[in-house]
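The values are calculated or read from the model by the stated rules, or taken from the named source; none is laboratory data. The structure displayed is predicted, hence computed values, not measured ones. Neighbour counts run over all protein chains shown; Cβ positions are idealised from the backbone, glycine included.
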Amino acid sequence: MSLDPQTLRLDGIYQQRDPARFMQRIKLAAGALSSLQAEQIATLAERHAGGRLHLTTRGSIELHDLLAVDLPPLLAGLLAVGLSGRGACGGAVRGVACSTTFSPHYRECQALARRLHRYFTGNPRFEGLPKKFKIGVDGDRQGGRQLIQDCGLVFAGNNPEGESLWEVWCAGGLGREPRAAFLLRERVDETELLALLEGILTIYRARAAAGKRLKHVVAELGEPAFRAALAAATRPLPTPPPASGLGTVLGIPADEAPLLVSIFAGEVSAAALRQLAQLAGEYAGGVLLITADQDVALVASSEKARTALQQRLLLLGLGEEALPPQPVFRVCPGSHECKMGLAPTRDVARALLGALPPDAVTTSFAISGCPNSCSQPQLAAIGIVATRLEKDAQGGRSPRFDLYRRIDNGLGLRTASDIPLADLNMTVLRHRNSPAAPLP
């Protein structure tokens, strides 16, 4: 296996801070995986990754601290249960995210996400792109995640034949230059989506400079010129087979909401994942769902199974009823593992959690270890972004942070900047209940 970092990326592998260590990202369509797959991932984590896993905000799973010798058997182990990291990193169509685990339209969202996942993963026509291309599927606009995708698809009802219709949002992204996606089209038939996505990708590949996202293409062309170019680039595709039928989704939602297992900062042990996989096999149809807030959800197969599952989770110290209420914390790996990380995000999260008052349980937080904003801080009530390092009094280097507040349906706005680590908790507490005043 080549250890060239750029070559490895297409298989979902990144170098970490230590250049001899690697991270493997595993793509999951709509964050859904079977008990068998979860148990295999737990086994691979124990063998190769120190028994630890990281759940991402896009419903993927990452294994960290891998050695080069671990990579071939790890990839073979994933392949054995139908999993892959292909396209999870680098210039490719990334894993198709779905943030609507608790939506009444999750079935439609997961079915579409799986169809797109099959179409794009490993397809050489959609690899070697100028940079990453992210697709998200959502049941509504409530979380705002359609705003941060290269292409965001939002359920928009059904046509007279009962087939799903979708809003198409385009050219969003976070990072150092946040830009909200714009609404490209409304009420698009699902059968038209692949042709439309191919047209968007054709323009992106042809017009984007290396290292630039679709948002940069639209900013340069302007929305009217982009629409005209897309109309010229979109070609009809052969009519696909219907998406309906048996086996199109995992974890069909019950009348009641799934049972949530909170995972602080997305960090879960292989032992805990194996326990959850076994419980899912017994009570939840053999399915686990990774949520956009880096938690695990289980959909009980019956009311009797739900009661038994709640009791088992309580005995294991897992689940909402077993733990005191806590606010949502979305957290990237930061400087713990990522070579881009400027701050130890999990430590920052724990310190902030200890400083928060009880009424903060209704507030969502997101902490990003660098300006790439992988934890989606502009979509949290309070977003915290490490922006740079500065020499401190002890001769070391300490991170500085920007603070974001989200007060409407758009992206969060920066309300404070260049905050020293020592002042971060007090700044968050001061801003949490005060009117948001965006910086110029």
(Q) Here are the criteria: (1) farther than 18 Å from Arg115 by Cα; (2) surrounded by fewer than 20 Cβ atoms within 10 Å (Cβ to Cβ); (3) not aromatic (Phe, Trp, Tyr). Tell me which single one Leu147 does not satisfy. (A) (2)
Q) In region 105-140, what residues are surrounded by fewer than 17 Cβ atoms within 10 Å (Cβ to Cβ), under 20 Å from Leu165 (Cα atoms) and touching an Asp or Glu at 6+ places or on another chain (Cβ under 9 Å)? A) none
Q) Taking region 109-136 as the search range and keeping residues that are farther than 23 Å from Thr191 by Cβ and not in a loop (DSSP other than H, G, I, E, B), which one is nearest to the chain's Cα centre (by Cα)? A) Glu127
Q: Consider Ser335 carefully, then state whether it is in a loop (DSSP other than H, G, I, E, B) and among the polar types (S, T, N, Q).
A: no
**Q.** Residue selected from region 51-75 under the condition farther than 27 Å from Gly136 by Cβ and charged (D, E, K, R), by the criterion surrounded by the fewest Cβ atoms within 10 Å (Cβ to Cβ)
**A.** Asp65
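What's the total number of residues in region 1-41 that are of a type in the set (A, V, I, L, M, F, W, C), within 20 Å of the chain's Cα centre (by Cα) and assigned to a helix (DSSP H, G or I)? Spell out how you get there, then give the answer.
Residues of region 1-41 of a type in the set (A, V, I, L, M, F, W, C): 1, 3, 8, 10, 13, 20, 22-23, 26, 28-30, 32-33, 36, 38, 41.
Then keep just the ones that are within 20 Å of the chain's Cα centre (by Cα); that gives 10, 13, 22-23, 26, 28-30, 32-33, 38, 41.
Okay, now just the ones that are also assigned to a helix (DSSP H, G or I), so 29-30, 38, 41.
The qualifying residues number 4.
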Q: Spot the failing condition for Ala271; the list is (1) at pLDDT 95 or above; (2) buried (at least 22 other Cβ atoms within 10 Å of the Cβ); (3) part of a helix (DSSP H, G or I), and only one is missed.
A: (2)
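Evaluate the following for Arg205: is it touching a residue at least 12 places away in the same chain (Cβ under 8 Å), loosely packed, with under 14 Cβ neighbours inside 10 Å and out of contact with any helix residue (DSSP H, G or I) (no Cβ under 8 Å at 6 or more places or on another chain)? Before you say what the answer is, go through the steps one by one.
Numbers: touching a residue at least 12 places away in the same chain (Cβ under 8 Å): yes; loosely packed, with under 14 Cβ neighbours inside 10 Å: no; out of contact with any helix residue (DSSP H, G or I) (no Cβ under 8 Å at 6 or more places or on another chain): yes.
So Arg205 fails the test.
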Q. Just for region 407-425: of the residues that are touching a residue at least 60 places away in the same chain (Cβ under 8 Å) and either over 25 Å from the mean Cα position of the chain (by Cα) or buried (at least 18 other Cβ atoms within 10 Å of the Cβ) (or both), which one is farthest from Arg350 (Cα to Cα)?
A. Leu411
Q. Can you tell which of Gly354, Gly395, Gly383 is in a loop (DSSP other than H, G, I, E, B) and either closer than 19 Å to Asn433 by Cα or not assigned by TED's automatic domain parsing to the domain that holds Phe133 (or both)?
A. Gly395
Q) In region 300-336, which residue that is of a type in the set (A, V, I, L, M) and within 20 Å of the chain's Cα centre (by Cα) is modelled with the highest pLDDT? A) Val331
Q | Hits in region 146-177 - residues which are touching a helix residue (DSSP H, G or I) at 6+ places or on another chain (Cβ under 8 Å) and modelled with pLDDT under 95 | A | Glu163, Ser164, Glu177
